[in-house]
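Visitor: Structure provided below as structure tokens; questions to follow.
The values are calculated or read from the model by the stated rules, or taken from the named source; none is laboratory data. This is a predicted model, so every value here is computed, not measured. Here the Cβ positions follow ideal geometry from the backbone for every residue, glycine too, while neighbour counts run over all protein chains shown.
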Amino acid sequence: MFSDFTLTPQLLQTLAELGYANPTPIQRRAIPVVLEGHDLMAAAQTGTGKTAAFALPILERLMTNASLQGSPRALVLVPTRELATQVNESFRALAAHLALSGTVIFGGVSPRPQIEALSRGVDFIIATPGRLLDHLQTRVVDLSHIDTLVLDEADRMLDMGFIRPIRRIIAALPAKRQTLMFSATFSDDIRALAKSLLRDPVIVDISPRNSLPDLVDHQVYHVDNNGKHALLTRLFADEDVRQSLVFTRTKHGANRLAERMARAGLACAAIHGNKSQAARTRALNDFKQGRVRILVATDIAARGLDIVELPHVVNYELPHVPEDYVHRIGRTGRAGSPGRAVSLVSRDERDQLHAIEKMLGRRIPVAA
């Protein structure tokens with residue numbers, strides 16, 4: 001139980017109000033490590049409760065070391081705007097009864113509210129690397145008192161080319177600090193990054209490498225490229241699919257598919273990197289609220305999107321990188337709810353399918 005940890009009564013009260021009684025595996029193993037001040041390298045997928053695994057002990061440590069209150073002492077770096085927003089919401093919810101403040105920083109929106117929040121003073125910052133580096137270069141933010149740094153979804157940040165901005169940000173931090181790294185996988189690149197940034201870290205791996213959610217039913221449909229749209233439309237017409245997250249490889253492909261689905265009379269929206277932050281937020285909210293039945297997304301949505309009880313994921317196109325199959329499918333079959341993952345595989349995607357099956361060590365059943 002959370003009461004087994006040395007957390008302030010205010011945090012325990014908040015957890016009780018939020019209905020959290022028992023920690024998840026990543027929380028059980030990570031929280032004591034962080035509270036003790038150790039560096040941490042943790043393998044944990046989205047949906048395992050990893051945000052609270054670092055947010056709770058960070059908030060606890062901020063409260064017990066209040067001498068620098070108002071100066072940012074904790075920094076969480078994340079790869080996408082959506083994840084930044086969600087992590088910030090988690091921090092704010094958990095800090096409901098604490099005299100702590102924070103702000104979220106990302107691009108695609110006006111920097112003025114972020115600058116104003118920083119000038120008022122904050123205890124924690126949730127940020128994407130690019131916009132934070134902009135603020136750092138213009139001396140808007142002072143990171144010299146950061147005591148804890150979190151790299152969340154570090155593998156995704158490497159994939160997105162953030163390593164240079166991250167290193168420039170880290171150069172502005174105190175050399176003596178706690179560093180926590182969370183990643184879906186322990187790839188060679190991640191291990192090399194951890195070796196350069198972490199000091200004698202405790203290593204926590206709560207799930208087998210590239211494991212699939214147990215409650216997900218996987219199926220493959222073999223279909224020509226020009227028949228994919230008709231098959232997808234028929235699947236939505238024939239089956240009682242309340243909502244579905246549909247993945248394409250490109251931004252243009254996501255827009256084109258969303259427009260075709262809308263013309264077919266299906267409530268549909270697209271989300272990808274070229275969309276403005278307002279448009280991405282609106283599409284995601286419409287999907288979460290059920291106003292949109294189908295959300296077409298590129299792999300920017302494969303991680304970090306916290307959609308409760310999403311029953312259905314479709315790979316309209318297979319990902320180029322086999323590991324991204326696991327990240328996409330990780331959107332469904334969560335929190336004890338069953339899910340279904342459907343892949344539409346054309347002839348020119350057979351090699352990608354075989355690579356995915358080789359990585360998983362199992363065949364994905366072909367739909368009858």
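Visitor: What number goes with the only condition from (1) over 28 Å from D189 (Cα atoms); (2) crowded, with 17+ Cβ neighbours inside 10 Å; (3) of a type in the set (V, I, T) that T80 does not pass?
Guide: Going through the list (1) over 28 Å from D189 (Cα atoms); (2) crowded, with 17+ Cβ neighbours inside 10 Å; (3) of a type in the set (V, I, T), T80 breaks only (1).
Visitor: Follow-up. Considering I300, I307, I294, which residue is of a type in the set (A, V, I, L, M, F, W, C), surrounded by 22 or more Cβ atoms within 10 Å (Cβ to Cβ) and modelled with pLDDT under 80?
Guide: Among I300, I307, I294, only I300 is of a type in the set (A, V, I, L, M, F, W, C), surrounded by 22 or more Cβ atoms within 10 Å (Cβ to Cβ) and modelled with pLDDT under 80.
Visitor: Might you check whether a residue that is exposed (fewer than 14 other Cβ atoms within 10 Å of the Cβ) and assigned by TED's automatic domain parsing to the domain that holds K50 occurs anywhere in region 121-133?
Guide: Within region 121-133, one or more residues are exposed (fewer than 14 other Cβ atoms within 10 Å of the Cβ) and assigned by TED's automatic domain parsing to the domain that holds K50.
Visitor: Would you check which residues across region 43-96 are among the polar types (S, T, N, Q), closer than 22 Å to F5 by Cα and modelled with pLDDT under 90 and list them?
Guide: T48, T64, N65
Visitor: Another one. Tell me yes or no: at least one residue of region 236-243 is more than 23 Å from G107 (Cα to Cα), surrounded by 15 or more Cβ atoms within 10 Å (Cβ to Cβ), modelled with pLDDT of 90 or more and not assigned by TED's automatic domain parsing to the domain that holds P79.
Guide: Initially, region 236-243 is screened for residues more than 23 Å from G107 (Cα to Cα), giving 236-243.
Okay, now just the ones that are also surrounded by 15 or more Cβ atoms within 10 Å (Cβ to Cβ), so 236, 241, 243.
The next check asks that each one be modelled with pLDDT of 90 or more; those that pass are none.
No, that holds for no residue.
Visitor: Being more than 19 Å from D39 (Cα to Cα) and in a helix (DSSP H, G or I): is that true of S90 here? So that I can check it myself, show each step before the final result.
Guide: Values: more than 19 Å from D39 (Cα to Cα): yes; in a helix (DSSP H, G or I): yes.
When the stated conditions are applied, S90 passes them.
Visitor: Just a yes or no: is a residue in region 161-177 charged (D, E, K, R) and touching an Asp or Glu at 6+ places or on another chain (Cβ under 7 Å)?
Guide: For region 161-177, residues charged (D, E, K, R) and touching an Asp or Glu at 6+ places or on another chain (Cβ under 7 Å): present.
Visitor: Right, next: Sort out which residues of region 254-287 are within 29 Å of S110 (Cβ to Cβ), in a loop (DSSP other than H, G, I, E, B) and touching a Ser or Thr at 6+ places or on another chain (Cβ under 6 Å), and write them in order of number.
Guide: Of everything in region 254-287, just one residue is within 29 Å of S110 (Cβ to Cβ), in a loop (DSSP other than H, G, I, E, B) and touching a Ser or Thr at 6+ places or on another chain (Cβ under 6 Å), namely H272.
Visitor: Residues that are assigned to a helix (DSSP H, G or I), more than 22 Å from the chain's Cα centre (by Cα) and not small (G, A, S): does region 166-189 have at least one?
Guide: Yes, region 166-189 contains a residue that is assigned to a helix (DSSP H, G or I), more than 22 Å from the chain's Cα centre (by Cα) and not small (G, A, S).
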